[in-house]
Amino acid sequence: MKPLIIFGTGDIGQLARYYFSIDSRRQVAGFTVDGEFLSDHEFCGLPVVPFQELGQQYPPHGYDLFVALSYSKLNQVRRDKYLAGKAMGYQLANYVSSRAAVLPGVQIGENCLILEDNTLQPFVTIGNNVTLWSGNHIGHHSKIHDHCFIASHVVVSGGVTIQESCFIGVNATLRDHITVGKQCVIGAGALILGDTEPEGVYLGTATERSRVPSSRLRRI
């Protein structure tokens with residue numbers, strides 16, 4: 001495999017380097033960021049180069065790329081850098097944890113980050129540039145389109161379609177055979193029982209503080 005350059009020097013970039021280093025055959029050779037955000041020429045003990053100069057210093061015939069960014073601006077920042085890297089001729093790498101359960105029949109695109117304890121059942125399709133944080137259940141025959149970010153402990157039941165550029169928050173639950181429209185935000189703990197509208201925001205109910213203070217609880 002070619003050595004790997006990671007786009008991003010934030011927390012996710014550091015995590016990506018950690019996971020690739022301990023749980024893949026990939027050698028991380030360096031990092032890249034847009035020149036205007038380059039504050040240090042070293043990160044995690046490796047060189048950082050301006051993205052505008054990446055093709056000269058680490059050309060695509062010798063290196064692959066991984067874009068390690070968050071869901072900022074509803075995944076559009078990560079989407080733009082993914083497309084820019086492809087336009088420069090780079091192959092986009094995947095990280096799929098060896099501790100994830102990926103059953104036969106699953107299809108996974110490129111530039112995907114799939115962390116530990118995910119369960120991907122048979123006939124699941126994961127698009128390009130998708131992040132699955134730890135501990136999710138993706139049910140059989142479900143399809144997650146490009147540029148989505150699924151936070152931890154989300155339950156996606158069977159036959160669900162999640163369209164492009166969605167964010168699904170921690171502990172959300174999606175019932176079977178529904179469609180989540182493009183660019184939706186599903187908040188933490190939300191329960192989705194039917195199709196959602198594109199660009200919809202669906203928030204769970206937060207737990208309110210009890211009027212009884214903790215000092216008056218007798219059994220704790």
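Just a few scattered comments:
- Wholly within the stretch 8-100, helices (runs of 4 or more DSSP H) carrying at least 2 residues that are loosely packed, with under 12 Cβ neighbours inside 10 Å: 11-22
- Number of residues in the stretch 33-78 that are small (Gly, Ala, Ser), in contact with a Gly (Cβ under 9 Å, 6 or more places away or on another chain) and under 25 Å from Ile114 (Cβ atoms) equals 2.
- For the stretch 105-164, a residue qualifies if it is outside any loop (DSSP other than H, G, I, E, B) and crowded, with 20+ Cβ neighbours inside 10 Å, and the qualifying residues are Leu113, Ile114, Leu120, Ile126, Thr131, Leu132, Ile138, Ile144, Phe149, Ile150, Val156, Ile162.
- Contact annotation: residue pairs with Cβ atoms under 6 Å, 6 or more positions apart or on different chains, pairing a residue in the stretch 77-104 that is on the phi > 0 side of the Ramachandran plot with a partner that is part of a loop (DSSP other than H, G, I, E, B), are Gly89/Pro60.
- Qualifying residue in the stretch 53-61 (condition: under 26 Å from Phe167 (Cα atoms) and at pLDDT 95 or above): no
- Each residue in the stretch 8-48 was checked for being in contact (Cβ under 8 Å) with a residue 24 or more places away in the chain, over 17 Å from Tyr82 (Cα atoms) and aliphatic (A, V, I, L, M), and 5 of them qualify.
- Considered as a group, the residues in the stretch 21-52 that are over 22 Å from the mean Cα position of the chain (by Cα) and small (Gly, Ala, Ser) include one that is modelled with the lowest pLDDT, and that residue is Ser39.
The values are calculated or read from the model by the stated rules, or taken from the named source; none is laboratory data. Keep in mind that this is a model prediction, so the values were computed, not measured. Quick reminder, even Gly has a Cβ in these numbers, built from the backbone with ideal geometry, and neighbours come from all protein chains shown.
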